[in-house]
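**Q** One structure follows; several queries about it will come next.
The values are calculated or read from the model by the stated rules, or taken from the named source; none is laboratory data. Every value quoted in this text rests on a predicted model; they were computed, and no experiment measured them. Positions of Cβ are generated from backbone atoms using ideal geometry, with glycine treated the same way; all protein chains shown enter the neighbour counts.
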Ligand SMILES: [Cu+2]
């Protein structure tokens, strides 16, 4: 009797282990598919820009300056593990033209520039992060 219970118990345990493995494999596959669907941005926020230093090489936003034609849009993608924003103007003088709000890692923001001009932008969380869109 005891042997029977042990056999049944072992069988159930093995079965549960297999089910667990299969489920976790599916889960990993699903997640890796998801990470392949990341949007390609025109401008990216690379890793580690949440610490000062990127401004020295103009790599807080990459590229830090982008030139487009009027009516075209620019898409920014946050490829860092920290929150960032894309906000028009300067840290001490925002212009209220556009503001992405806090972008989660791998979240994107798109804005269409209708009129010619030079548009500076910054990150509300990291004052040293500056970029520029030139529309001409
Ligand atoms: Cu930032």
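Per-residue answers, yes or no, for (1) closer than 11 Å to residue 45 by Cβ; (2) touching a helix residue (DSSP H, G or I) at 6+ places or on another chain (Cβ under 9 Å):
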{"residue": "96", "(1), (2)": "no, no"}
{"residue": "100", "(1), (2)": "yes, no"}
{"residue": "106", "(1), (2)": "yes, yes"}
{"residue": "111", "(1), (2)": "no, no"}
{"residue": "115", "(1), (2)": "no, no"}
{"residue": "118", "(1), (2)": "no, no"}
{"residue": "121", "(1), (2)": "no, no"}
{"residue": "132", "(1), (2)": "no, no"}
{"residue": "135", "(1), (2)": "no, no"}
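**Q** What is the residue count in the range 91-102 for residues that are part of a strand (DSSP E or B), over 16 Å from the mean Cα position of the chain (by Cα) and on the phi < 0 side of the Ramachandran plot? Talk me through it step by step, then tell me what you get.
**A** Start the filter on the range 91-102 by keeping residues that are part of a strand (DSSP E or B), which leaves 93-99.
Cutting the leftovers down to over 16 Å from the mean Cα position of the chain (by Cα) gives us 93-98.
So of that shortlist, the ones also on the phi < 0 side of the Ramachandran plot come out as 93-95, 97-98.
Adding up the residues that qualify gives 5.
**Q** Also: Considering only the range 59-71, how many residues are assigned to a strand (DSSP E or B) and loosely packed, with under 14 Cβ neighbours inside 10 Å?
**A** Qualifying residue count, the range 59-71: 1.
**Q** Also, quick follow-up: For the range 41-53, what are the residues that are in contact (Cβ under 8 Å) with a residue 40 or more places away in the chain and either touching a strand residue (DSSP E or B) at 6+ places or on another chain (Cβ under 9 Å) or not assigned by TED's automatic domain parsing to the domain that holds residue 122 (or both)?
**A** 41, 43, 45, 49, 50
**Q** I need the full set of residues from the range 103-133 which are within 12 Å of the ligand (Cβ to nearest atom) and assigned to a strand (DSSP E or B), in order please.
**A** 103, 121, 122, 130, 131
**Q** Taking the range 80-98 on its own, how many of its residues are surrounded by 16 or more Cβ atoms within 10 Å (Cβ to Cβ) and within 19 Å of residue 39 (Cα to Cα)?
**A** Counting residues in the range 80-98 that are surrounded by 16 or more Cβ atoms within 10 Å (Cβ to Cβ) and within 19 Å of residue 39 (Cα to Cα) gives 6.
**Q** Then there's this: Could you list, in sequence order, all residues of the range 77-90 that are assigned to a strand (DSSP E or B) and either more than 17 Å from residue 48 (Cβ to Cβ) or within 10 Å of the ligand (Cβ to nearest atom) (or both)?
**A** 78, 84, 87, 88, 89, 90
**Q** Report every pair of residues separated by at least 6 positions or lying on different chains whose Cβ atoms are under 6 Å apart, first residue within the range 68-90 and free of Cβ contacts under 8 Å to residues at least 24 places away in the same chain, second more than 15 Å from the ligand (Cβ to nearest atom).
**A** none
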